[in-house]
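Here's the structure we're looking at; comments come further down.
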Amino acid sequence: MSENAPPIASRWRALGTSRALIPYLTAGFPTPRASLEALRRVAAAGADFVEVGVPFSDPLADGPTIQRTTQTALEQGMTVARVLELVHAAALDVPVIIMTYLNPVLAYGVPRFAQDARAAGAAGALLTDLPAGADPEVERAVTTNGLDLIRLVAPTTDDRRLKTALSGATGFVYLISRLGVTGARADAPPDLEAQVKRIRAASPAPPAARVPVAVGFGISTPAQAAAAARAADGVVVGSALMDALATGGVSGAERLTRELAAAVHA
Amino acid sequence: MTVTETGRFGPYGGRYVPETLMHALEELAHVYDDARNDPRFWAELEALLKNYVGRPTPITAVPRLSAQVGAQVLLKREDLNHTGAHKINNTLGQVLLAQRMNKRRIIAETGAGQHGVATATVCARFGLECVVYMGEEDMRRQRLNVYRMELMGATVVPVTSGTRTLKDATNEALRDWVTNVTSTHYIIGSVVGPDPFPRLVRDFQSVIGREARAQMLDQVGRLPSMVVACVGGGSNAIGIFTAFLEDKSVRLVGVEAAGEGVASHKHAATLGAGRPGVFHGSMSYLLQDADGQVQPAHSVSAGLDYPGVGPEHA
């Protein structure tokens with residue numbers, strides 16, 4: 001099935017005006033076996049894309065939940081190679097985006113990573129500590145080997161950097177909705193609509209060809225997801241889902257995914 | 001080595017950080033470039049180094065150690081600075097930059113506590129809020145420095161993640177920075193981290209070598225045949241090496257903590273036994289396993305147990 005995994009752009013086209021739910025799961029948490037089950041059931045419970053996290057020893061952009069889940073995954077022996085095996089075995093019919101920090105990918109070899117990820121059925125990569133333009137050689141090694149490289153935009157991204165981030169962006173743009181690390185929050189992201197509008201206004205392509213905007217960081221409840229989906233094209237939920245997986249098992253994660261999907265697709 | 005426009009020393013250095021921090025790094029680089037070309041900035045810093053820190057620090061001959069090692073040994077006495085270490089050379093420079101950016105809150109990481117004490121002290125001097133992240137293990141090993149930071153009005157936050165040492169304190173400081181970046185300046189204590197930190201910390205520490213070189217010529221009548229410095233992140237080493245780079249007769253020797261031996265995997269020999277990787281915002285040598293996971297460094301010395309090293313050293 002892997003070869004038939006739809007690339008990210010065609011999935012967005014198929015979605016039309018519908019919004020996308022993009023759950024994040026740490027590969028190998030709480031165990032490799034349960035993680036495989038979680039990937040399949042979360043994907044089938046209404047996900048439009050799935051982000052799969054490769055653990056890194058020093059996750060400096062992550063809050064307590066993802067710190068814990070990635071630490072557990074490391075203790076379970078997860079490596080880039082084993083995460084790709086898991087993605088291959090999961091054989092999801094939604095596009096998979098590999099999310100991690102740069103160093104495990106460097107150690108694996110960037111071109112090899114991109115080729116093997118594509119072969120395992122992944123469609124994109126998101127590297128938390130590789131801001132747009134910081135290392136063009138790494139960016140090229142990812143994109144010329146068949147993966148979309150998801151660019152990040154933050155509230156602090158100024159207009160000049162926004163241009164850099166959007167130039168050559170493929171798949172979607174990931175809007176970090178607020179300052180800080182990943183993790184569930186009680187409040188809604190401030191100025192979300194204005195932030196999304198700013199990105200759309202700066203997009204160089206005609207509206208039909210513009211890259212969609214997915215929003216993440218701190219979105220945990222169906223109500224927050226619904227609000228985010230009114231502003232953006234896609235909604236990423238990570239920490240809340242990992243909390244649900246930790247406390248309620250695969251069924252807990254599946255249940256939350258259903259509720260989030262209903263809220264986002266409404 | 002000269003740093004390129006992209007903030008690299010050859011292949012090393014760069015800005016490998018979450019997008020949220022990019023604007024602050026660009027602003028810092030811009031403010032530093034302005035300050036560097038502003039004689040008033042250096043005049044203010046030099047006056048503080050003289051009248052507040054107590055510079056210049058002397059070089060001291062140590063005849064008994066010299067007899068033991070069979071070479072004339074002189075010590076550059078950075079321990080005689082206010083707060084007891086070279087760290088204050090850098091924290092003063094950076095606090096002046098923070099003022100130019102109107103940032104009233106300062107954060108720092110610390111290993112042994114010397115950088116934390118130096119940061120807490122300059123914050124007290126300039127009336128700025130100060131939060132220092134310190135590994136729980138280091139707080140235990142270096143309790144006196146925790147007391148000194150708190151005495152200066154700083155909040156010391158114990159870090160309980162990972163190895164509970166400098167590496168994890170730096171992670172936690174970076175997490176604070178991505179959360180509070182608009183109001184906060186992060187005073188990194190060594191020549192590590194994303195550009196422009198490695199070059200501005202080097203420039204602020206280069207006073208050590210400028211003084212030492214002049215003192216050697218003045219008091220001993222010659223240059224040293226060798227300059228030896230310990231390397232954790234490498235700020236004191238680069239501070240003294242920089243002045244001797246053009247002196248081909250002077251050997252520059254950086255010493256990393258061997259811990260229980262480089263073969264034991266319990267050491268901090270990043271340059272000796274590490275491989276290039278990306279950690280804490282820059283490309284440099286790094287203690288890591290085959291899968292790119294950062295390995296804990298080991299040394300009895302709090303602060304030398306850092307698995308990375310400054311990109312210019314790399």
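Against the list (1) open to solvent by 30 Å² or more (accessible area, probe 1.4 Å); (2) in a helix (DSSP H, G or I); (3) touching a residue at least 12 places away in the same chain (Cβ under 8 Å), the condition residue B:24 fails is (1). Can you confirm whether segment A:200-212 contains a residue that is buried (at least 23 other Cβ atoms within 10 Å of the Cβ) and farther than 17 Å from residue A:128 by Cβ? So far as segment A:200-212 goes, yes, one or more of its residues are buried (at least 23 other Cβ atoms within 10 Å of the Cβ) and farther than 17 Å from residue A:128 by Cβ. Taking segment B:205-314 and the strands (runs of 3 or more DSSP E) fully enclosed by it, the elements with 1 or more residues that are open to solvent by 20 Å² or more (accessible area, probe 1.4 Å) and in contact (Cβ under 8 Å) with a residue 60 or more places away in the chain are at B:226-230, B:275-279, B:282-286. Exactly one residue among A:223, A:227, A:232 is surrounded by 24 or more Cβ atoms within 10 Å (Cβ to Cβ) and small (Gly, Ala, Ser), and that residue is A:232. Within segment B:133-149, the set of residues being assigned to a helix (DSSP H, G or I) and either out of contact with any strand residue (DSSP E or B) (no Cβ under 6 Å at 6 or more places or on another chain) or surrounded by fewer than 14 Cβ atoms within 10 Å (Cβ to Cβ) (or both) comprises B:137, B:138, B:140, B:141, B:143, B:144, B:145, B:147, B:148.
Here is a yes/no grid of residues against (1) basic (Lys, Arg); (2) within 11 Å of another protein chain (Cβ to nearest Cβ); (3) without any contact (Cβ under 8 Å) to a residue 24 or more places away in the chain:
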residue	(1), (2), (3)
A:117	no, no, no
A:121	no, no, no
A:129	no, yes, no
A:160	yes, yes, yes
A:164	no, yes, no
A:176	no, yes, no
A:194	no, no, yes
A:198	yes, no, no
A:202	no, no, no
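Which condition breaks for residue A:32 when tested against (1) within 29 Å of residue B:294 (Cα to Cα); (2) open to solvent by less than 10 Å² (accessible area, probe 1.4 Å)? Here residue A:32 clears every test but (2).
Scanning segment A:67-108 for residues that are touching a Ser or Thr at 6+ places or on another chain (Cβ under 7 Å), surrounded by 23 or more Cβ atoms within 10 Å (Cβ to Cβ) and assigned to a helix (DSSP H, G or I) returns A:69, A:70, A:73.
Do you know which residues across segment A:145-158 are open to solvent by 10 Å² or more (accessible area, probe 1.4 Å) and touching a residue at least 12 places away in the same chain (Cβ under 8 Å)?
Matches in segment A:145-158: A:145, A:146, A:148, A:149, A:151, A:152, A:155, A:156.
Take the residues of segment A:121-137 that are surrounded by fewer than 22 Cβ atoms within 10 Å (Cβ to Cβ) and not charged (D, E, K, R): which is nearest to residue A:171 (Cα to Cα)? The selected residue is A:121.
Does segment A:3-21 include one or more residues that are open to solvent by 40 Å² or more (accessible area, probe 1.4 Å), acidic (Asp, Glu), more than 23 Å from residue B:20 (Cα to Cα) and at pLDDT 95 or above? There is no residue in segment A:3-21 that is open to solvent by 40 Å² or more (accessible area, probe 1.4 Å), acidic (Asp, Glu), more than 23 Å from residue B:20 (Cα to Cα) and at pLDDT 95 or above. Residues considered: B:221, B:153, B:162. Of these, the only one that is within 27 Å of residue B:251 (Cβ to Cβ) and small (Gly, Ala, Ser) is B:221. If the condition is being free of Cβ contacts under 8 Å to residues at least 12 places away in the same chain and either within 16 Å of residue B:198 (Cβ to Cβ) or assigned to a helix (DSSP H, G or I) (or both), then segment B:27-59 contributes B:30, B:33, B:39, B:40, B:42, B:43, B:46, B:47, B:50, B:51. Among the residues making up segment A:135-154, those that are touching a strand residue (DSSP E or B) at 6+ places or on another chain (Cβ under 7 Å) and either within 9 Å of chain B (Cβ to nearest Cβ) or basic (Lys, Arg) (or both) are A:151, A:152, A:153, A:154.
Restricting attention to segment B:27-59, the residues that are open to solvent by less than 40 Å² (accessible area, probe 1.4 Å) and either out of contact with any Phe, Trp or Tyr (no Cβ under 6 Å at 6 or more places or on another chain) or within 14 Å of chain A (Cβ to nearest Cβ) (or both) add up to 13.
The values are calculated or read from the model by the stated rules, or taken from the named source; none is laboratory data. Treat the numbers as computed from the prediction; the structure is a model and nothing was measured. All Cβ positions, glycine included, derive from the backbone under ideal geometry; neighbour counts span all protein chains shown. With ligands, DNA and RNA removed, areas are computed over all heavy atoms of the protein, side chains included. Shrake-Rupley method; radii C 1.70, N 1.55, O 1.52, S 1.80 Å.
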